[in-house]
Amino acid sequence: MQELKANEKLKELKAAANRLPQQPGVYIMKDKNGSIIYIGKAKALKNRVTQYFGAGNQHTEKVRKMVSNVDRFEFIVCDSEFEALILENSLIKQNQPKYNILLKDDKGYSYIKITNEKWRRIETAKQLDNTGEFIGPYNSGFVVKETVDEVRKIFKLPDCNRNFDTVSRPCLNFHIGLCEAPCRGKISHSEYIETVEAAKDFIKKGDMGESSLENLTARMETAAENLQFELAARLRDRINAIKKIKERQKVVSISYKSQDVIATALMGEIACVAVFVYRNFRLCDKQHFFVDGFDNRDEVYSEFLQQYYLDKQDIPSRIIIDTDTQGYETTEKWLCEKSGHKVSFINPKQGEQLKLLDMCVNNAAENLSERTERTGREMSALNELAALLGLDTVPRYIEAYDISNTAGSDNVAGMIVFREGRPYKPAYKRFKIKGFSGQDDYRSMAEVLDRRFSEYQKGNDEGFKTLPDLILLDGAKGQINAVLPVMEKYGLNIPVFGMVKDSKHRTRAIATTGGDILIKSNKRAFTLVTKIQDEVHRFAIAYHKSLQSKRLLKSELLDIEGVGEKRTELLLKHFGSIKKIKGASAEELSAVKGINADTAQNIYNFFKK
């Protein structure tokens with residue numbers, strides 16, 4: 001009864017959606033209590049809203065749940081998509097709907113703390129207390145941690161909790177030049193406090209720019225002229241430390257003063273969005289946000305970007321993003337009006353900016369890996385592969401196929417599965433080519449795919465019940481073209497690509513119907529595709545060799561007087577291998593049902609020659 005009511009409500013809502021105008025606007029979903037549970041915008045209200053109330057099996061779990069709670073909806077027609085975006089943002093901010101992305105910054109403020117103990121220390125802190133002096137607050141915990149780490153390195157301050165009133169053996173930091181080690185008893189308390197004060201002053205007033213280096217250099221030269229060689233040496237070490245840190249700053253964007261870099265890693269309906277904030281040519285903050293209920297990157301960004309920049313005042317002119325920037329014109333216009341300057345979304349293809357984007361992607365993948373029991377490398381590889389192939393969603397379930405034969409004999413195929421970046425051996429399948437004799441890899445591949453999806457339609461075999469997100473064939477354009485009619489026959493819209501090897505039998509590229517996509521060997525997607533290609537080749541050739549071995553074995557047994565096809569099968573079934581048959585006595589051979597004493601003696605004599 002309840003299901004019947006739900007279906008009736010869905011029909012009612014769909015009918016109402018079909019009456020909407022084909023104009024830009026905002027739609028407001030409400031539950032039976034009249035509470036707003038979702039707000040969205042659309043270029044064409046009718047097209048967008050009707051999608052919610054049809055083809056429910058294609059929706060994510062979050063959307064299905066939201067739709068199941070919709071009792072009615074309202075709409076507001078706007079003159080343009082841009083007006084709809086502005087209105088949508090305003091309504092979301094006012095109502096905080098349950099099913100919209102609501103990015104809440106729960107990091108709080110961070111501080112740099114200089115403890116008030118005898119041997120003062122510099123460390124990070126989340127809240128104020130009476131145990132020290134605090135510098136801050138800072139909005140970014142990342143900035144605080146980076147500053148404390150850098151200051152400790154520059155001024156060679158300890159990061160341990162040792163009692164420096166007691167002399168002890170120094171730790172590794174002293175031996176690698178990162179700490180002066182007051183635990184040795186070679187530094188007076190007054191010298192140590194002077195260094196801490198200098199570090200505190202550096203935090204408050206200084207930076208790591210050229211002016212800071214010039215000031216330190218002038219002080220060093222003055223100390224040397226006044227014969228204060230120990231002070232001059234300490235200042236020299238600080239200058240060198242600053243220079244080394246500057247050289248190590250691979251996260252510095254040399255070309256552009258300010259920009260944001262945004263990238264997303266997806267696994268199923270869970271996404272992690274990483275944001276790197278660059279100001280004054282330097283990474284000054286990084287954040288990550290988890291969102292669920294989306295299965296492709298553009299859907300994530302359609303809501304995330306609006307919520308992230310809604311209350312931001314410092315909006316850069318460049319936003320580097322890991323997706324095609326077409327379709328972001330409305331968001332660009334909104335950010336331009338909000339910031340008062342031009343804002344552009346950019347998807348770099350090479351150079352420094354691509355490296356920064358790759359770093360952001362990997363960061364998102366590492367954070368997502370903590371949620372999904374997968375490594376960051378696996379997350380990155382799947383997301384890289386999706387981007388490389390232009391897939392709308394990350395391929396969680398990948399099937400790969402390879403053909404193996406010897407001049408057309410013992411013609412077989414292997415199917416392997418990689419599930420969420422790892423081999424899933426319970427779903428592996430082996431095929432004997434039955435449709436023809438001889439060697440024809442194209443026909444073989446088409447037959448195997450046809451049988452695989454025929455089994456899917458029958459629904460009898462558990463191993464064939466899951467449709468893949470991606471199909472990879474060992475081969476090039478010819479193999480792809482051979483199986484596309486099969487996909488069309490079964491009405492399947494599954495991406496199909498080939499895996500191409502070089503002359504040394506190493507993975508070189510991914511084949512498409514239009515040409516090859518080269519994969520750089522340093523990319524994680526390259527490693528993943530190589531693993532898949534090697535594994536499917538191993539699996540197919542192992543099956544081929546096992547059949548070949550059995551055929552040769554049968555051939556050898558058939559040379560024995562009194563042994564035909566039937567008795568060969570009986571012997572193999574009983575003993576399991578040729579080695580055991582060869583080692584069996586005449587009595588053991590005659591114990592096999594269907595093998596008489598004379599035949600057993602013939603077999604024994606044949607192998608004992």
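The values are calculated or read from the model by the stated rules, or taken from the named source; none is laboratory data. Bear in mind the structure is a predicted one, so any value in this text is a computation, not a measurement. Please note: Cβ atoms are built from the backbone with ideal geometry, for glycine as well, and neighbour counts cover all protein chains shown.
Of note:
- Looking at Arg371, Arg318, Arg297, just one residue is within 24 Å of Thr60 (Cβ to Cβ) and buried (at least 18 other Cβ atoms within 10 Å of the Cβ), and that residue is Arg297.
- Some residue of the range 458-478 being crowded, with 21+ Cβ neighbours inside 10 Å and either assigned to a loop (DSSP other than H, G, I, E, B) or polar (S, T, N, Q) (or both): yes
- Number of residues in the range 43-65 that are closer than 18 Å to Gly293 by Cβ and either among the hydrophobic types (A, V, I, L, M, F, W, C) or in a strand (DSSP E or B) (or both) equals 4.
- Looking across the range 300-315, the residues that are of a type in the set (A, V, I, L, M) and crowded, with 18+ Cβ neighbours inside 10 Å come down to Val300, Leu305.
- Scanning the range 518-529 for residues that are over 13 Å from Gly421 (Cβ atoms) and surrounded by 16 or more Cβ atoms within 10 Å (Cβ to Cβ) turns up Ile519, Lys523, Phe526.
- Residue match in the range 415-428 (condition: outside any strand (DSSP E or B), modelled with pLDDT under 90 and under 19 Å from Phe497 (Cα atoms)): yes
- For the range 554-583, a residue qualifies if it is under 20 Å from Asp410 (Cβ atoms), assigned to a helix (DSSP H, G or I) and of a type outside the set (A, V, I, L, M, F, W, C), and the qualifying residues are Lys554, Ser555, Glu556, Glu565, Thr568, Glu569, Lys573.
- Checking Arg371, Arg377 one by one, the residue that is among the basic types (Lys, Arg) and touching a helix residue (DSSP H, G or I) at 6+ places or on another chain (Cβ under 9 Å) is Arg377 and no other.
- In the range 271-283, the residues that are part of a strand (DSSP E or B) and not hydroxyl-bearing (Ser, Thr, Tyr): Ala271, Cys272, Val273, Ala274, Val275, Phe276, Val277, Arg279, Arg282, Leu283
- Qualifying residue in the range 284-293 (condition: closer than 22 Å to Glu370 by Cβ, at pLDDT 80 or above and in a helix (DSSP H, G or I)): no
- Flag for Phe345 being without any contact (Cβ under 8 Å) to a residue 40 or more places away in the chain and crowded, with 20+ Cβ neighbours inside 10 Å: yes
- Within the range 553-569, residues that are under 18 Å from Ala597 (Cα atoms) and of a type in the set (Asp, Glu) reach partners that are surrounded by 16 or more Cβ atoms within 10 Å (Cβ to Cβ) and modelled with pLDDT of 70 or more with beta carbons closer than 7 Å, at six or more positions or on different chains, in the pairs Glu561/Asn602.
- Some residue of the range 73-95 being crowded, with 19+ Cβ neighbours inside 10 Å and modelled with pLDDT under 85: no
- Residue match in the range 430-450 (condition: of a type in the set (Phe, Trp, Tyr), surrounded by fewer than 17 Cβ atoms within 10 Å (Cβ to Cβ) and outside any loop (DSSP other than H, G, I, E, B)): yes
- Filtered residues of the range 259-318 (kept if within 28 Å of Leu385 (Cβ to Cβ) and free of Cβ contacts under 8 Å to residues at least 12 places away in the same chain): Glu299, Ser302
- The set of residues from the range 559-589 being within 19 Å of Leu547 (Cβ to Cβ) and in contact with a Leu (Cβ under 8 Å, 6 or more places away or on another chain) comprises Glu565, Thr568, Leu571, Leu572, Ile578, Ile581.
Let's see how each residue does on (1) of a type in the set (Val, Ile, Thr); (2) modelled with pLDDT under 80; (3) not assigned by TED's automatic domain parsing to the domain that holds Gly498:
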site: Ile510; (1), (2), (3): yes, no, no
site: Phe526; (1), (2), (3): no, no, no
site: Lys531; (1), (2), (3): no, no, no
site: Phe539; (1), (2), (3): no, no, no
site: Leu571; (1), (2), (3): no, no, yes
site: Ala591; (1), (2), (3): no, no, yes
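- Any hit, the range 387-399, residues being more than 18 Å from the chain's Cα centre (by Cα), buried (at least 16 other Cβ atoms within 10 Å of the Cβ) and in contact (Cβ under 8 Å) with a residue 12 or more places away in the chain: yes
- Residue selected from the range 485-517 under the condition part of a helix (DSSP H, G or I) and in contact with a helix residue (DSSP H, G or I) (Cβ under 8 Å, 6 or more places away or on another chain), by the criterion farthest from Glu535 (Cα to Cα): Lys489
- Subset of the range 594-609 that is in a loop (DSSP other than H, G, I, E, B) and touching a Leu at 6+ places or on another chain (Cβ under 7 Å) - its residue that is surrounded by the fewest Cβ atoms within 10 Å (Cβ to Cβ): Gly594
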